[in-house]
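Asker: Structure provided below as C-alpha cells; questions to follow.
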Amino acid sequence: MSCGNVKVLEARAVSRTIRKKGTELTTVDSIDFSFHTGTVYNLVGPSGAGKTSFLRLLNRLDEPTSGEIFYRDKPLREYPPTGLRKKIAMLFQEPYLFEGSVRDNLNYCCPDKYANNIEFHLERAGLKPDMADKEVSGLSMGEKQRVAIARSLFQEPEIFLLDEPTSALDPTSSRKIEQLILKLSQELCLTAIMVTHNPDQARRLGGETLLLVQGKLIESGQTEQVLTEPSTELGRKYINNELS
Amino acid sequence: MIELGYYQALIGLVLVALAIVIARIKKIPTEKEMIVGTIRSFVQLIAVGYALEFIFNSESLWLIILAVVVMTVVGAYTAGQQDRHNKNGFRIALISMSTGSLVTLALMIVLGIITIEARYIIPLAGMLISNSMNASAVTLDRIGSDLKANRLEVETALSLGKNWQESTRRLYRNAVKAGMISILNYLKTVGIVALPGAMTGMILAGASPLKAVLIQIIVSYMLLSAVTITALLSGEMAIRRFFNDAEQFVG
C-alpha cells in the first residue's frame, strides 16, 4: 500500500522549559522536524536527552514553551485536544489497562463503534480472538502491551507515539511488538514515532532516526546512516557509548 | 431532674484527675495535653455558652449570620490546611462547605422543618459545618494523593481522547466516597453503637426519648445532604485545578 509520504506532523522551533527545584531546565531545545505518513521514526539519545519530553508535546499532553507543532498544516492548539489525541495516539512505557475485560478496554475509546469487530482488532494486534472476554489482570506484560496497542487502534489514529513500549518486555515479546509496529505502519500507513534507548532496536525498525542530546536534535536521517555514519561529534560519541 | 451549674461542672474535674492519675501510673506521656485540653475545653465552652446566650436573647438575624459565617470560615480554613497538594484548599473548602451547609439549612427552612431562630440555626449550622469540614478535608486530600499516584491511568485516558472529567471519573468517585464514609458509617450504626450527641443532650435536658429520636433522624438526614453536596463539590473543584483548558494534567 502506498502511503504517499505526505507530511502529517511538523515541529517548528519547538522548545520546552520546565522549572525543577527552583531552576529552569530546557528539556526540548528548538527542534525543527517534519514527520511523514507510513514512516517509522526512532527517537534515540542518552538518558535525559528530552526524547519523552518531545514525544509528549506531539499529542499535546504537554505544551511547548515556544515554537509551534502543526498537524496537517494546522497548529495543534487549533484542534480540540480530545479529538486531536484520537488522531495522534500514545502508548506508554508501562501499559495501563482499565479494570475489566479486554473487550471493555477496546471499547473504552468509542463504545459500540466496533462492538462486533473486537476479534478482528485483537487479531490485528497479534492476539487470539478468544481473549476478548479475558480479565486484563490475568494477562502477561506482552499481552497487555498488545491490548493497549489494539485499544489505541480503535481510535483510528494517523500517528502513533510510542514511549519505549518494549522496555518492560522480554526479548521475544519485544521483537513481536517491533514486528507489529512495522506491520501496522505499512498496512495502515501509520506514522510511528518511537522512543527507544536501544540503537539495535532502532536498526531493526529501520525508517528514520532522530538523535537528541540535551533537548537538541543533533542528527536525523535514515536510521542506518545516523547510527553508523553520524555527521556530528555528538553523534559519534553517542554511537561509541561515550554519552551518559 | 438534677440542676446543673458551675459546681457540678467543677466536680466533673474529679474524673479528669482520675484519668491523669491513671495515665501517670501507666507512664503514658499525655499529662500536659490532658490538663491543657481540659482547661481549653472549659474556657471555650463557657465562652460559647455566653455568646450563644447573648445571640439567643438578642434574636438578631445579623448576629446569627455572623456566627454562621465565623463557623464556616474557621471550618474551611481547617479543612484547607489539611490539603497538602494545593494552595487553593481554603477557597474550595469554603465554597463547597458553604454550599453544602446553606443549601441544606435553606431547604429545612423552606420545608418548614425549622424556623429562622438562633436556637435552631446555630446548633444545626454547627453540626452541618463540622461534618462538611471533615468531608471536604478528606476529599481534598484524597483527590490530590490519588491523582499523583495514578498519573499513568489519567494520562492513558487523556491519550485515548477523554476529557479531564472522564479521565478522572474513578478517582473522583473514590475520593467523594472517602469524604462521605464517616457519615455513611454513622448512619449505619446510629442508635446501635452510639447515641448521638444531640439526642443524648435532649434526653439529658429532660425531653422524651421519642422526641429526641425524631430530632436526631432529621439531623442525620440533614448531615447526609450537606456532606454529600460538600464532598461532590470539593472533589469536582479539587480535580479541576489539576487540569488546564487544553486537557493537560498539570498537577
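Asker: Looking only at region B:149-176, filter to residues that are within 11 Å of chain A (Cβ to nearest Cβ) and among the aliphatic types (A, V, I, L, M); which one of those is nearest to B:Glu247 (Cα to Cα)?
Answerer: B:Leu158
Asker: Here's a follow-up. Please go through (1) in contact with a Gly (Cβ under 6 Å, 6 or more places away or on another chain); (2) closer than 30 Å to A:Tyr108 by Cβ; (3) of a type in the set (Asp, Glu) for A:Glu219 and return the number of the only condition it doesn't satisfy.
Answerer: (2)
Asker: I'm trying to understand the selection: among the residues of region A:80-111, which are among the aromatic types (Phe, Trp, Tyr) and either part of a strand (DSSP E or B) or closer than 18 Å to B:Trp164 by Cα (or both)?
Answerer: A:Tyr96, A:Phe98, A:Tyr108 - these are the residues of region A:80-111 that are among the aromatic types (Phe, Trp, Tyr) and either part of a strand (DSSP E or B) or closer than 18 Å to B:Trp164 by Cα (or both).
Asker: Follow-up. For region A:42-82, which residues satisfy the criterion of being without any contact (Cβ under 8 Å) to a residue 24 or more places away in the chain, more than 10 Å from every other protein chain (Cβ to nearest Cβ) and among the basic types (Lys, Arg)?
Answerer: A:Lys74
Asker: Right, something else. With respect to A:Thr52, is the statement that it is polar (S, T, N, Q), closer than 30 Å to A:Gly138 by Cα and modelled with pLDDT of 95 or more true?
Answerer: Yes: the conditions hold for A:Thr52.
Asker: When you scan region A:140-153, do you find a residue that is closer than 22 Å to A:Thr27 by Cα, within 14 Å of chain B (Cβ to nearest Cβ) and either basic (Lys, Arg) or not in a helix (DSSP H, G or I) (or both), even just one? Show your work before the answer.
Answerer: Step one: list which residues in region A:140-153 are closer than 22 Å to A:Thr27 by Cα, which gives none.
No, region A:140-153 contains no residue that is closer than 22 Å to A:Thr27 by Cα, within 14 Å of chain B (Cβ to nearest Cβ) and either basic (Lys, Arg) or not in a helix (DSSP H, G or I) (or both).
Asker: Quick check: is even one residue across region B:235-249 outside any helix (DSSP H, G or I), touching a residue at least 60 places away in the same chain (Cβ under 8 Å) and closer than 23 Å to B:Ser132 by Cα?
Answerer: Yes, region B:235-249 has at least one match.
Asker: Anything in region A:165-187 that is out of contact with any helix residue (DSSP H, G or I) (no Cβ under 8 Å at 6 or more places or on another chain) and closer than 22 Å to A:Leu9 by Cβ? List them, or say none.
Answerer: Selection gives A:Lys183, A:Ser185, A:Gln186, A:Glu187.
Asker: I'm told A:Glu119 meets every condition in (1) within 14 Å of chain B (Cβ to nearest Cβ); (2) at pLDDT below 90; (3) on the phi < 0 side of the Ramachandran plot except one. Can you identify the failing condition by its number?
Answerer: The failed condition is (1).
Asker: Name, by its number, the condition in (1) within 14 Å of another protein chain (Cβ to nearest Cβ); (2) surrounded by 19 or more Cβ atoms within 10 Å (Cβ to Cβ) that does not hold for A:Phe98.
Answerer: For A:Phe98, the exception is condition (2).
Asker: Next up: Any idea how many residues of region A:83-95 are of a type in the set (Gly, Ala, Ser) and either surrounded by fewer than 21 Cβ atoms within 10 Å (Cβ to Cβ) or more than 8 Å from every other protein chain (Cβ to nearest Cβ) (or both)?
Answerer: Initial filter on region A:83-95 (of a type in the set (Gly, Ala, Ser)): A:83, A:89.
Subsequent filtering for residues that are either surrounded by fewer than 21 Cβ atoms within 10 Å (Cβ to Cβ) or more than 8 Å from every other protein chain (Cβ to nearest Cβ) (or both) retains A:83.
Matching residues across region A:83-95 total 1.
Asker: Is one or more of the residues making up region A:38-59 over 15 Å from the mean Cα position of the chain (by Cα), more than 21 Å from B:Lys162 (Cα to Cα) and not in a loop (DSSP other than H, G, I, E, B)?
Answerer: no
Asker: Could you check, for region A:178-199, whether at least one of its residues is closer than 17 Å to A:Val102 by Cβ, of a type outside the set (Gly, Ala, Ser) and not in a loop (DSSP other than H, G, I, E, B)?
Answerer: Within region A:178-199, one or more residues are closer than 17 Å to A:Val102 by Cβ, of a type outside the set (Gly, Ala, Ser) and not in a loop (DSSP other than H, G, I, E, B).
Asker: Same structure, new question: Which of the residues that make up region B:52-91 are in a helix (DSSP H, G or I) and over 21 Å from the mean Cα position of the chain (by Cα)?
Answerer: Hits for region B:52-91 are B:Glu53, B:Phe54, B:Ile55, B:Phe56, B:Asn57, B:Ser58, B:Leu61, B:Trp62, B:Leu63.
Asker: What residue, among those in region B:1-49 that are under 30 Å from B:Ser208 (Cβ atoms) and in a loop (DSSP other than H, G, I, E, B), is modelled with the highest pLDDT?
Answerer: B:Gly12
Asker: Could you check region A:63-79 and list, in sequence order, the residues that are surrounded by 15 or more Cβ atoms within 10 Å (Cβ to Cβ) and either at positive phi or in a strand (DSSP E or B) (or both)?
Answerer: A:Gly67, A:Ile69, A:Phe70, A:Tyr71
Asker: Is there any pair with a first residue in region B:176-203 that is farther than 23 Å from B:Ala93 by Cα and a second that is basic (Lys, Arg) whose Cβ atoms are under 8 Å apart and which are 6 or more apart or on different chains, and what are they?
Answerer: B:Met202/B:Lys211
Asker: Could you look through region B:194-250, keep only residues that are within 14 Å of chain A (Cβ to nearest Cβ) and either of a type in the set (Ser, Thr, Tyr) or surrounded by 15 or more Cβ atoms within 10 Å (Cβ to Cβ) (or both), and pick out the one that is nearest to the chain's Cα centre (by Cα)?
Answerer: In this case the residue turns out to be B:Phe242.
The values are calculated or read from the model by the stated rules, or taken from the named source; none is laboratory data. These figures come from a predicted structure and were not determined experimentally. Positions of Cβ are generated from backbone atoms using ideal geometry, with glycine treated the same way; all protein chains shown enter the neighbour counts.
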